[in-house]
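The values are calculated or read from the model by the stated rules, or taken from the named source; none is laboratory data. Here the structure is a predicted model, which means the values were calculated and not measured. Here Cβ is always computed from backbone atoms with ideal geometry, including for glycine, and neighbour counts include all displayed protein chains. When the accessible area is computed, the model is the full protein with side chains, heavy atoms only, and any ligands, DNA or RNA have been set aside. Shrake-Rupley method; radii C 1.70, N 1.55, O 1.52, S 1.80 Å.
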Amino acid sequence: SFGLTFVILEGGIDLSVGAVLALVGTVTVWTLSYGEPTEQSIIRLLLAICAGLGVAGLIGLFNGFCAAKTKMPPFIITLGTMLLARGLALRINEVPIRVPSQDTLFLALGNARIGGWVPVPVIVMLILLALGAILLHRTKFGQHLYAIGGNREAARFTGIPVGRRELTVYIICALLTGVAGMIHASQLYSAEPNSGQGFELNAIAAAVVGGTSFTGGVGTIPGMLLGAVIIGTLDKGLNQAGVHFSLQYILKGLVILTAVYIDVRRRK
C-alpha cells in the first residue's frame, strides 16, 4: 500500500503487486533452500534477500520504463507483468517451498516479537511509514509527485523530470512489495507461488479509502495507513463474524466504490 500510494499519486496504477509478492517469496526461499543447507548461513541469507529484492527491482524497472517511455496505459503494462510474475513463480516451483528450519533469522522476520510484545513486521511497517512520510512530505521528490498527479503537462513544462519520477515510483513500489513478499513467506514458513492473489485489490483499497485520489495529486502516507487499518479491520471482523466470503467481496467492493465516489464529489 505504501508503494501503491506513490504510484497512484503520480497518476499510475500497479496491478502486479500480488504476483510480485509471490515471486519474491519464491525466489528468496528457493535461494535459501538451494543445495540442501544443513546450517544457518548469513551469507546465504543475504544472497537470498538480494535475489528477491533484485527480481522485484527488475520488474519495477520494467513497469516504470514502459510507463515512462511508451504510450501504453499503466493498467495494461502491470496487468501483463502480473501474469509474467505469476508464471515465473510457478516455473521456479509449482508447489510450496518450505523455509529451511535452520534459517531462524528469516523466520524471525515474520514471526518474532521485540520484547515479547511488538511483532517484527510492525517494526518494519513503522520504519517504512517514517521513511515514506519524509520522502513524500519533506522532499522535492514528493512535491514533484503531487505536481505530476495534479497536472502532468504543467509539471513537464515547469522542468520536472516526469519520466524519471515515474520510473522511480514503480521501482519503489516493487521493492516495497518485495519486502512484503519476504515477510509473507516468513509468516507462512514457506513460499507459495499461488499466494498473493487479490492482494493488489487490498493494497489499492487501502490507498483509496485512506484518501489517495485515483486521478492523482491527492493523498498522504498517514491517510494510507488509516485506510490499511480500516481494510484490515474489515477483513478480520467479517471473518470472525462468520460472514460468507462472497459477501465479504461485495462489502469490500462497496467500500471502494463509496471511497471513489466521495473523492470525485470532493474534487468537483
Exercise for the section: Can you tell me which residue within region 212-249, out of those that are touching a Leu at 6+ places or on another chain (Cβ under 7 Å) and among the polar types (S, T, N, Q), is nearest to Leu4 (Cα to Cα)? Expected result: Thr212
Exercise for the section: Would you be able to say whether some residue in region 209-220 is of a type in the set (A, V, I, L, M, F, W, C) and closer than 29 Å to Ile92 by Cβ? Expected result: no
Practice task
Could you list all residues from region 195-219 that are open to solvent by 40 Å² or more (accessible area, probe 1.4 Å) and in a loop (DSSP other than H, G, I, E, B)?
Solution key: Gln197, Phe214, Thr215, Val218
Exercise for the section: Check whether at least one residue in region 228-251 is modelled with pLDDT of 90 or more, within 19 Å of the chain's Cα centre (by Cα) and surrounded by 17 or more Cβ atoms within 10 Å (Cβ to Cβ), and report yes or no. Expected result: yes
Practice task
Looking for whichever is surrounded by fewer than 19 Cβ atoms within 10 Å (Cβ to Cβ) and in contact with a Leu (Cβ under 9 Å, 6 or more places away or on another chain) here; the options are Phe75, Phe106. Which one fits?
Solution key: Phe75
Problem - Exclusive hit being open to solvent by 90 Å² or more (accessible area, probe 1.4 Å) and farther than 18 Å from Leu47 by Cα, set Ile123, Ile134 - result: Ile134
Practice task
Kindly establish whether Tyr189 is open to solvent by less than 50 Å² (accessible area, probe 1.4 Å) and among the hydroxyl-bearing types (Ser, Thr, Tyr).
Solution key: no
